[in-house]
Amino acid sequence: GIAKQFPIIRFDAAMTLAKKHVQRLWYPEPGSGGDIASRSEYGMTRKDFNEAFPKEFWRTVVDRVQQEAPDTLLLAEAFWMMEGYFVRSLGMHRVYNSAFMNMLKNEENEKYRESVRNVLEFEPQILKRYVNFMSNPDEETAIAQFGSDDKYFGCCILMATMPGTPMFGHGQVEGFGEKYGMEYRRAYHDETPNAYLVERHQREIAPLLHKRRVFSEVEHFRLYDLIEDGGGVNENVFAYSNRAGYESCIVVYHNHFSETRGRIHTSVPFLDADGALTHSALARSLEIDVSPETYLVFRDHISHDEYIVASTELAEQGLPVSLSAFKYHVFLGFREAINTPEKPYAELAAELAGRGVPNMDIALDEYLHRHVIGALREAIQPAVLRALQCHTHPEEAHTGLVTRITALAAVIAEAESLPELPETTIEGIAQQFAAAIALPLYPDGNIPVGRPAAAAISNTVMPLADWHNTYQLDGWRILLVLPFMMALRSIYAQCDDPTIQHHFIRERFLGNVLHHVLEAIGVSADTAHHDIQLIQILTLIDKDLDVARTTSAAVYFEYLFSDVDVQRFTCVNRHEDKVYFNKERFETLVNWLALLAIADNMGNGPDTKRARDRNIKELCALAARCGTVAAEAGYQVGDFVRSI
């Protein structure tokens with residue numbers, strides 16, 4: 001009757017087997033005395049009792065439910081290491097796997113691996129029937145048993161990626177330490193969630209639970225021994241692979257306070273579909289192509305790094321693994337990469353020598369253009385930027401920039417088989433930025449502008465350029481890097497494909513190289529990201545602010561806001577059919593555009609001082625007007641463009 005009303009039935013304390021205890025209490029074997037003295041006269045021999053009570057009670061229950069309510073799931077609480085008996089002999093659909101909790105907690109790793117091996121040799125499908133857990137109402141909390149660091153999360157990784165059902169206890173994700181009971185109406189301790197634990201759960205564990213289809217089946221589940229470099233099996237390492245459809249995974253976890261290094265290659269024995277015990281090599285388990293030119297690229301879910309290995313190496317030697325105490329990897333996203341002259345994955349794999357990279361495609365791109373990247377890193381290293389910063393006159397800065405840009409351009413032109421950058425282009429870039437570098441030295445430097453123009457610069461542009469501390473390199477970082485980025489743009493503008501320059505600057509140079517330089521200066525990760533966005537715009541924007549000054553400001557800013565990079569930097573967003581931008585970001589962008597236009601007028605502008613002063617004052621006035629109009633427009637893109 002119950003099975004017809006509920007889809008799931010849980011049997012509490014099922015390990016107290018009915019058949020065993022009925023005989024012990026009510027029909028004791030003759031001579032045993034029995035636990036109830038008055039029942040001794042009802043004693044029965046084991047043979048007679050088995051004839052009267054031939055099947056274990058739970059076996060009868062499972063068989064009847066299967067016959068009368070086949071869609072009912074039967075879940076048994078069977079501790080005391082009786083899980084295997086309940087699923088093998090009694091046919092219970094699911095059973096709580098206390099061995100998982102106890103053996104991993106006590107680091108009885110060899111015993112637990114042996115228990116999994118036994119199941120794989122007897123009937124692999126049984127693994128799906130285990131409910132793996134790290135805490136329950138009868139035990140101490142997970143945080144009390146496993147702590148809150150790598151060991152805890154390593155066991156969570158196993159729970160989330162092994163066949164069977166993962167079960168998290170009440171308050172486990174939050175890190176609650178109170179041992180709860182099912183009879184509790186409320187918590188007795190006033191605990192707050194452990195933010196670190198919750199965040200790490202969200203980052204490492206939750207995404208894996210969303211991919212349970214890759215881990216939950218046993219048809220392709222393979223358990224491996226880690227053969228250490230010195231020989232011998234490390235029983236403290238859990239290593240297994242699985243796959244579903246076109247998705248594969250490899251999971252490794254080291255449940256011991258030590259370090260290990262070795263390879264996983266051949267699986268432990270398992271019962272195949274034909275009922276024979278067999279082994280499987282890792283490459284075969286993943287069903288990868290092992291031709292000589294095929295390489296395997298995959299991603300570590302934990303570090304988010306990507307790795308590459310030759311499929312022939314994987315087939316012949318297995319996967320190299322290095323693990324510190326309680327560390328783990330979950331490798332996903334396997335894909336094949338074919339080695340060709342255009343895409344030399346073999347050379348890249350040799351260069352990386354097992355190291356991971358954030359993105360393998362970018363790593364290949366960087367490898368192909370390593371000479372260019374090396375030249376750029378050399379050109380904008382902090383020592384070079386500091387030397388430029390120390391120039392006290394535009395003439396000194398100009399000479400230093402011409403030398404550095406010429407050297408950079410020559411290396412890139414040769415490496416990329418492009419024409420050398422004309423001297424006039426180098427001169428123009430150097431003059432513009434030599435003038436800009438001199439601006440912070442005002443009024444002590446020899447700035448070739450009149451007093452009204454200098455006052456306009458000081459009042460409008462300089463405060464927002466954040467140069468109040470002249471001697472701090474990080475305050476100059478954007479200005480000192482820009483001439484080299486402008487040179488790169490000019491070099492790649494000579495390519496037949498107009499998208500090349502954007503690709504090179506946006507995807508390659510503005511990523512890893514600039515991050516490296518900014519971090520070396522001491523810039524935080526968030527500030528570096530902000531700086532790179534701004535440098536990207538200032539480098540790649542096709543029209544400077546002089547266009548807005550001399551033609552139509554409305555047309556110029558409509559063009560500006562159509563640029564995807566500008567939209568991202570100024571935080572363009574839509575709300576109730578209106579498009580808004582961020583005040584501070586917009587003012588920063590406008591003043592940088594004004595600054596570069598001012599510097600260009602000073603370095604490459606009109607010959608007469610009067611004309612330069614007029615242009616500079618107009619640029620400063622335009623920059624100031626942008627802030628006023630933006631405020632009046634409520635920082636709405638459409639209203640601002642119409643009003644400017």
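The values are calculated or read from the model by the stated rules, or taken from the named source; none is laboratory data. These numbers come from a predicted model, not from an experiment. In this analysis, Cβ positions are derived from the backbone assuming ideal geometry, glycine residues included, and neighbour counts consider all displayed protein chains. Ligands, DNA and RNA are stripped out before the accessible areas are found, and what is left, the full protein with its side chains, is counted by its heavy atoms. Shrake-Rupley method; radii C 1.70, N 1.55, O 1.52, S 1.80 Å.
The one condition from (1) out of contact with any Cys (no Cβ under 6 Å at 6 or more places or on another chain); (2) under 18 Å from residue 598 (Cβ atoms); (3) at pLDDT below 75; (4) crowded, with 16+ Cβ neighbours inside 10 Å that residue 479 does not meet is (3). Residue count for the stretch 492-520 under the criterion of being more than 20 Å from residue 537 (Cβ to Cβ) and either modelled with pLDDT of 75 or more or crowded, with 19+ Cβ neighbours inside 10 Å (or both): the result is 4. Considering (1) closer than 24 Å to residue 483 by Cβ; (2) free of Cβ contacts under 8 Å to residues at least 60 places away in the same chain, the lone condition that residue 580 does not fulfil carries the number (1).
Taking the conditions exactly as written (of a type in the set (Phe, Trp, Tyr) and either under 26 Å from residue 431 (Cβ atoms) or within 33 Å of the chain's Cα centre (by Cα) (or both)), does residue 557 satisfy them or not? It is false that residue 557 is of a type in the set (Phe, Trp, Tyr) and either under 26 Å from residue 431 (Cβ atoms) or within 33 Å of the chain's Cα centre (by Cα) (or both). Of the residues making up the stretch 286-308, just one is among the polar types (S, T, N, Q) and open to solvent by less than 10 Å² (accessible area, probe 1.4 Å), namely 294. Per the conditions (1) part of a helix (DSSP H, G or I); (2) open to solvent by less than 60 Å² (accessible area, probe 1.4 Å), the sole criterion not satisfied by residue 111 is (2). Any residue in the stretch 356-367 that's closer than 19 Å to residue 322 by Cβ and open to solvent by less than 30 Å² (accessible area, probe 1.4 Å): show its pairings with residues that are part of a loop (DSSP other than H, G, I, E, B) and of a type in the set (D, E, K, R) at Cβ separation under 6 Å, as long as the two are six or more apart or on different chains. Qualifying pairs under 6 Å: 356/305.
For residue 311, state whether it is within 19 Å of residue 246 (Cα to Cα), among the small types (Gly, Ala, Ser), surrounded by 15 or more Cβ atoms within 10 Å (Cβ to Cβ) and in contact with an Asp or Glu (Cβ under 7 Å, 6 or more places away or on another chain).
yes
Checked against the criterion of being surrounded by 22 or more Cβ atoms within 10 Å (Cβ to Cβ) and in a helix (DSSP H, G or I), the candidates 631, 611, 623 yield just one match: 623. Listed here are the strands (runs of 3 or more DSSP E) enclosed by the stretch 116-229 that have at least 3 residues being in contact (Cβ under 8 Å) with a residue 12 or more places away in the chain and more than 24 Å from the chain's Cα centre (by Cα): 130-133, 222-228. Figure legend. Inter-residue proximity from the stretch 267-291: first residues closer than 21 Å to residue 214 by Cβ, second residues basic (Lys, Arg), beta-carbon distance below 6 Å, spacing 6+ or different chains. Indicated pairs: 267/222; 268/117; 280/222; 285/222. Summed over the stretch 569-588, residues that are in contact with a Lys or Arg (Cβ under 9 Å, 6 or more places away or on another chain), assigned to a loop (DSSP other than H, G, I, E, B) and open to solvent by less than 50 Å² (accessible area, probe 1.4 Å) total 1. For beta carbons closer than 6 Å, sequence separation of 6+ or different chains, a first residue in the stretch 615-644 that is hydroxyl-bearing (Ser, Thr, Tyr) and a second that is in a helix (DSSP H, G or I), the qualifying pairs are 635/583; 643/629.
Contact annotation: residue pairs with Cβ atoms under 6 Å, 6 or more positions apart or on different chains, pairing a residue in the stretch 500-524 that is more than 18 Å from residue 368 (Cβ to Cβ) and in a helix (DSSP H, G or I) with a partner that is open to solvent by 50 Å² or more (accessible area, probe 1.4 Å) and modelled with pLDDT under 65, are 521/474. Each residue in the stretch 595-625 was checked for being hydrophobic (A, V, I, L, M, F, W, C), out of contact with any Asp or Glu (no Cβ under 9 Å at 6 or more places or on another chain) and closer than 19 Å to residue 428 by Cβ, and 6 of them qualify. Across the stretch 540-568, the number of residues qualifying as in a helix (DSSP H, G or I), closer than 24 Å to residue 492 by Cα, in contact (Cβ under 8 Å) with a residue 12 or more places away in the chain and of a type in the set (A, V, I, L, M, F, W, C) comes to 4.
Kindly indicate whether any position in the stretch 29-42 is under 50 Å from the mean Cα position of the chain (by Cα), part of a loop (DSSP other than H, G, I, E, B) and surrounded by fewer than 16 Cβ atoms within 10 Å (Cβ to Cβ). Within the stretch 29-42, none of the residues are under 50 Å from the mean Cα position of the chain (by Cα), part of a loop (DSSP other than H, G, I, E, B) and surrounded by fewer than 16 Cβ atoms within 10 Å (Cβ to Cβ). Scanning the stretch 243-265 for residues that are buried (at least 19 other Cβ atoms within 10 Å of the Cβ) and closer than 17 Å to residue 156 by Cα gives 249, 250, 251, 252, 253, 254, 255. Taken over the stretch 1-28, the criterion of being open to solvent by 80 Å² or more (accessible area, probe 1.4 Å) and under 48 Å from the mean Cα position of the chain (by Cα) is satisfied by 2, 4, 5, 6, 7, 8, 10, 12.
Yes or no, residue by residue, for (1) touching a His at 6+ places or on another chain (Cβ under 7 Å); (2) part of a loop (DSSP other than H, G, I, E, B); (3) open to solvent by less than 50 Å² (accessible area, probe 1.4 Å); (4) in contact (Cβ under 8 Å) with a residue 24 or more places away in the chain:
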{"residue": "376", "(1), (2), (3), (4)": "no, no, yes, yes"}
{"residue": "398", "(1), (2), (3), (4)": "no, no, yes, yes"}
{"residue": "411", "(1), (2), (3), (4)": "yes, no, no, yes"}
{"residue": "420", "(1), (2), (3), (4)": "no, yes, no, no"}
